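To start, the structure under review is shown below, and the notes come after it.
The values are calculated or read from the model by the stated rules, or taken from the named source; none is laboratory data. Everything quoted here is computed from the prediction, not taken from an experiment. Neighbour counts run over all protein chains shown; Cβ positions are idealised from the backbone, glycine included. The accessibility values were calculated without ligands, DNA or RNA, using every heavy atom of the protein model including side chains. Shrake-Rupley method; radii C 1.70, N 1.55, O 1.52, S 1.80 Å.
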Amino acid sequence: MLRIIICILVLGALGWAGFFNRQQPLSWSDNERATIASLRLADEKTLLQNVIHTGNTVWDDVAAAKLGQQLFFDNQLSKNQAVSCATCHQPSEGFADPQALSIGISTTKRHSPSLLGAAFSPWFFWDGRADSLWAQALGPLEDPAEHGANRLQLAKLIATKYKPQYQAIFGPISDFNHLASHATPLSDNPLWRNNWQRMSVTDQDAVNQVFANIGKSLAAYQSRLIPSPSRFDKFAAQLLTQGSSDILNRTEQQGLKLFISEEKGQCIRCHNGPFLTNNDFQVTGIKDPRLPLGSGRLEGITIALNSEFNCRSPYSSTQDKDTECLELDYAKSSGDELNFAFKVPTLRNISQTAPYMHNGSFDNLQQVLHFYTRAKSQYSDTDVESKRDTSTLSKQSVTHLDIEPLALASEQLIQLEAFLNTLTSPINLDDTWLKKPN
Amino acid sequence: MFLSRIIVTTFSRSVKNSNYKYDIKLFLSMLSSLLLLTSFNLQAKELFFETSNDQFSLELTAPESPSLNKIYRWKAVLKGSQPLSQISLSDITISGGMLAHGHGLPTQPKALNLTHNNDRQISFDIQGLKFQMWGNWHLQVHVADTQAPLIIEFNLSP
């Protein structure tokens, strides 16, 4: 009998404790509050001051953004007149696309990332092979699997279809009528390459200049793709001004606590700042079965350093390269840490942009979170062996991993997912900006 | 930091020597707290580190307290127990990272603008520093073919 009474008392006490625990608002330490503050989206004016617009003097010009919007949705900027940027960066899909691997002229090698807040990064592509938003845009235009176009074809299109808008922003444009129809130095099409080689240096330069300006207009458009405050931002604002907030429910707040914990969730290590990314390159060990080994930042930085449109190039409108090209000049370009390192993606509007990772290999957030609890490199020892035979990469190169297996219970994964879902909000723009203009 | 100390000392002296009327004193003391406040901010922004080994001592100054994901230039002054006149930029290498996370710096910083202040003292800039995570960092400056690097440690928190 006594035992039963004790049992009831103990259970009762536990129940009370649980009840109290549930009712108490979560408490936040000073450090946690400061971390939450660092994740908040600032007001629009402050945000715009942080846009990284390397080599692009028209980045905040409305006319350039309008031209950029037209180009973004224009299928004529492609080989088959059927692909535009919006094919793979769809406004209704958080400016990403629902395919694991994006499809343009043919299937690409990677998953299309969201463009939200892209303008706040110094590096672009999953492997960081472009060092500005405008130089990035030139990649897909000439990639045979994406737009499959060539720069001369595009310069001619601008000189006809977009002449007045272009000239109002960038000044006079040649008609390029004395040149062939198609030419580029970067193509597996021998005719296009040949045409390029036969052009004078002056003509090549004039075409490159128009090509670069296409990129700069597209960048001006994309620089406006900034989300409005999400439920998380509203919660943070209230927590920081009033001391507590119930804009996020308890589960979501517990998820936030895990997310910013250096020991427990560790997400904040890489997913920091207002776009929840450090825009750096880290090795999570996600393998790309369709790609040869050796990809990642190691390859990307080599391409960026040699790019004809990088910050050091004449097409980058800079006044002083020594102070404006710091990211390129001081980039780390060797070492194990870059091998298989991919760009940390933004987590803004993450609920809208499945599937996930550079190869689109996870269909939903549960799968991503489950991966983080295991955190084991997907590159196995056999890969190391075969790689050692065929490439110059050393054995250690796959052993560097930037994440650790997390000891998280399934309840905590639910909390983390609930928090990630609070980061979604509409883009802070009039609807007319988010579709093909008339 | 030095500057702020000068402001504080000169100002307290002028208050002590003054024989103004009370309201002027009040005004002055208000002004002084204002100045103290500014100097405090100055102190909070600038960071100063010192370290040494048997051969060298190193002073590093960060003009503003670092935040994440931005590139910084820090100033360095190196003093030697032996003459440093032979040291050139190519003798100085910079590395660092986060021991707890097991990774290095996200960038490759370099030494720039070396000046020989005198026989045993040089100053230079460390350009290209970047920190991409909160937490404990260390920075190493390695001079010529000496064995031990000069190491400073600091914590970055939001």
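Cβ neighbours within 10 Å, averaged per peptide: list A:365-373, A:89-97 in order, most packed at the top. Write down the numbers at each step before the final one.
Values: A:365-373: 17.2, A:89-97: 20.2.
Sorting A:365-373, A:89-97 by mean packing, highest first, produces A:89-97, A:365-373.
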Angle between the Cα long axis of helix A:201-222 and the longest principal axis of chain A, 0 to 90 degrees, nearest 10? 30
Ignoring ligands, DNA and RNA, what accessible area per residue does chain A give at 1.4 Å, in Å²? 46
Can you tell me the orientation of helix A:30-39 relative to chain A, as the angle in degrees between its alpha-carbon axis and the longest Cα principal axis, to the nearest 10? 30
State the answer as a single residue: which of A:Thr318, A:Asn189, A:Ile105 lies farthest towards the positive end of the charge dipole of chain A, with beta carbon charges of +1 for Lys and Arg and -1 for Asp and Glu, about the Cα centre. A:Ile105
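Provide, as a two-decimal number, the C-alpha radius of gyration of segment B:47-156 over 2.2 N^0.38 Å, N being how many residues it has. Before the final figure, lay out each step's value.
On the way: Rg = 13.5 Å, N = 110, 2.2 N^0.38 = 13.1 Å.
Dividing the Cα Rg of segment B:47-156 by 2.2 N^0.38 Å gives 1.03.
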Among the listed pairs A:Lys321/A:Lys435; A:Lys161/A:Lys435; A:Lys45/A:Lys287; A:Lys257/A:Lys435; A:Lys45/A:Lys156, which have their C-alpha atoms separated by more than 28 angstrom in this model? A:Lys321/A:Lys435; A:Lys45/A:Lys287; A:Lys257/A:Lys435; A:Lys45/A:Lys156
Between chains A and B, what is the buried accessible area summed over both chains (1.4 Å probe, protein heavy atoms, nearest 100 Å²)? 1800
Enumerate the calculated ³J(HN,Hα) couplings along segment A:183-194 in order (Karplus 6.51 cos²θ - 1.76 cosθ + 1.60, θ = phi - 60°), each rounded to whole Hz, writing x wherever the residue is Gly or Pro. 6, 6, x, 10, 6, 8, 7, x, 5, 4, 5, 4
Just to check I understand the Karplus step: with θ = phi - 60° and J = 6.51 cos²θ - 1.76 cosθ + 1.60, what whole-Hz values come out for segment A:163-176, glycine and proline as x? 3, x, 4, 4, 5, 5, 9, 10, x, x, 10, 6, 8, 6
Cβ-based charge dipole, chain A, positive-most Cα from A:Ile414, A:Leu218, A:Phe120: A:Ile414
Output field shielding_mean for B:123-136 (other chain Cβ, 10 Å radius) holds 4
Residue farthest toward the positive end of the dipole of segment B:47-156, with Cβ of Lys/Arg at +1 and Asp/Glu at -1: which of B:Ile71, B:Ile151, B:Ile126? B:Ile71
Put A:Ser230, B:Ser157 in order of accessible area, largest first, 1.4 Å probe: what do you get? B:Ser157, A:Ser230
Mean per-residue count of partner chain Cβ within 10 Å for A:330-337 equals 5
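Is there a quick way to get the dipole size of segment A:178-319? I mean about its Cα centre, with the Cβ of Lys and Arg at +1 and of Asp and Glu at -1; what is the value in debye to the nearest 20? Each step should come with its number before you reach the end.
Values: 14 positive and 12 negative charges, 44 e Å.
Dipole about the Cα centre, nearest 20: 220 debye.
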Beyond 41 Å, how much of the Cα-Cα pair distribution for chain A remains, as a whole percent? 23
Top of A:Leu413, A:Leu116, A:Leu133 by mean-square fluctuation, Gaussian network on chain A, Cα under 10 Å: A:Leu413
